[in-house]
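First comes the structure, then the notes that go with it.
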Amino acid sequence: MNSPFDEMHAAQDAVRLHYRDYARWLDRSIEDVADLLSPYPASGMSFHPVSTRVNAVKNDDASIIDPVEVAPANEASAAPADSEEELPTQASLF
């Protein structure tokens, strides 16, 4: 950990396990699994931009994590490129 943010984030982070550790994590007879709670190495992860469809629970299919093209900041439009429908707005709570 390199900064207070990293430390805070690690304390609230979900557990990420390598597939080789699944059985050990799930074996209730093994009590000492603290070493599995170390940060997952960045070299074992990858990322890519995904559609804004991930923000709505109504979109429940595997395609929401498919990679999407992202326009450079100076070419980006005000509306998301994949918004074909008008999103509902929240009514007043008062």
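Could you list Ser51, Ser46 in order of exposure, starting from the residue whose Cβ has the fewest other Cβ atoms within 10 Å?
Ser46, Ser51
Please work out how much length the chain gains when fully extended from Ala56 to Ala91, using 0.36 nm per residue of separation minus the C-alpha to C-alpha distance, in nm with one decimal.
10.9 nm
Quick one: if you stick a label point 7 Å off each Cα along the C-beta vector at Asp21 and Val70, how many nm between them?
My value for the distance between the label points is 2.7 nm.
Only the coordinates and a few stated rules stand behind these numbers; no lab work does. Since the model is a prediction, treat every value here as computed from it, not as a measurement. Cβ: placed from backbone, ideal geometry, glycine included. Neighbour counts: every protein chain shown.
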